[in-house]
Amino acid sequence: MEYIIETHDITKKYNDFTAVNSINLKVPKNSVYGVLGPNGAGKTTLISMLCTILYPTSGTATVNGYDIVKNPKDVRKSIGVVFQSRSLDDILTGREHLEMHASLYGVPSEVRKERIEEVLDLIALGEKADQYVKTYSGGMKRRLEIGRGLIHHPEVLILDEPTLGLDPQTRESIWKYVNELNKKEDITVLMTTHYMEEADKLCDEVAIMNLGNIITADSPINLKRELKADTITIRVDKADKFIQEAEKLDFIKEIFRIDSEIKLMVERGENLVAEVVNFANNNKIFVNSIELEHPNLEDVFIKYTGTTIADGG
Ligand code: ADP
């Protein structure tokens, strides 16, 4: 595995307060990598050091092979950055923003025009390119900011809370664009988020962060699988009888009854749904409905911290 970002005990202290505590991350090249955690976890501080905006108190990191402390200029050339604070100018058009950024980053003038068209296409703003930004929706503005971060062909795109403040529908469309550009541009995306659904749907790998520490890191599917806790929810005509018989099944770890529903806690539930139905039929119990639920990243966070992401820290 080739890693495009590696941190080595990277630490940031504000006086006595440790915002980032000796973190070791490895971000695989061409992945979409998420740092998930509640507000105040230290996510922005961590990526600010990787962007060379903040200097680590101790430890270091490499981005695209360059040391953030020794070679900050080369690091900056390797990355495109989209921070939370809105940074567009209402009285410029989308194209003008991209042109400005291209010249700022020294994109050669002979390829500039073509590159701008390419990026406009990628973020689906071609038709709106010559309108003022003040006429753009929230989602379009976000896409333009992302496009601007891409204009100089960076190896890594760093996004701080890319869908903060956007409605759920716009959020999903941003996920789609990020996924597409990750594939089309051969780029690694490193992003922070406190939306567990976003980390789950968008990221190939997720590092869960709390109180300055990375508590675990893996693919969303592995993180959830580790909980060994799928839930099969079943409604049957003879609930008492079902529970009595089901207690004999050793693949069921726990049984809960909530009103008319019976919840069976199992591992690898996808292999067991048919078995549960057959078992009911064999016992002359009629199944009205059956549903399988996998745990989510919130459950993973709770397991490690005893608190929800929304409650934080
Ligand atoms: P996140 O991005 O996960 O919300 P931050 O990295 O912004 O977290 O902040 C992590 C912690 O560091 C928070 O407790 C925050 O209050 C603190 N912090 C951030 N910046 C500063 C600063 N300049 N001075 C003192 N404390 C700070």
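None of the figures in this text is laboratory data; all of them are computed from the coordinates on show. Because the structure is predicted, anything quoted here is derived from the model rather than measured. All Cβ positions, glycine included, derive from the backbone under ideal geometry; neighbour counts span all protein chains shown.
A compact table of results
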quantity: Net charge over other residues, Cβ less than 14 angstrom from the Cβ of residue 304 (K, R count +1; D, E count -1); calculated: -3
quantity: C-alpha long axis of helix 168-184 to longest principal axis of the chain, angle in °; calculated: 70 degrees
quantity: Pairs from 26/303; 128/184; 26/113; 201/303; 43/176 whose Cα-Cα separation, in the structure shown, is over 31 Å; calculated: 26/113
quantity: Ascending count of other beta-carbon atoms within 10 Å, so fewest first, for 17, 256; calculated: 17, 256
quantity: Rg/Rg_globular for segment 230-294, with Rg_globular taken as 2.2 N^0.38 Å and Rg from C-alpha atoms; calculated: 0.96
quantity: For the chain: relative contact order, % (alpha-carbon pairs under 8 angstrom, 6 or more apart); calculated: 20 percent
quantity: Residues 240, 74 arranged by fewest to most Cβ contacts within 10 Å; calculated: 240, 74
quantity: Segment 275-292 versus segment 48-78: alpha-carbon centroid distance in Å; calculated: 57 Å
quantity: Per-peptide average of other Cβ atoms within 10 Å, ordering 159-171, 242-254 highest first; calculated: 159-171, 242-254
quantity: For segment 40-170: relative contact order, % (alpha-carbon pairs under 8 angstrom, 6 or more apart); calculated: 32 percent
quantity: Nearest-ten-degree value, helix 109-122 long axis tilted from longest Cα axis of the chain; calculated: 20 degrees
quantity: With Cα atoms, 0 to 90° folded angle of helix 273-282 axis to the chain main axis; calculated: 10 degrees
quantity: Candidate lysines - alpha carbon under 20 Å from residue 284, same-chain residues fewer than 8 apart omitted; calculated: 238, 241, 248, 263
quantity: Along principal axes, Cα extents of the chain, largest first, whole Å; calculated: 76, 49, 34
quantity: Centroid-to-centroid separation of segment 5-44 and segment 82-159 [C-alpha atoms, Å]; calculated: 27 Å
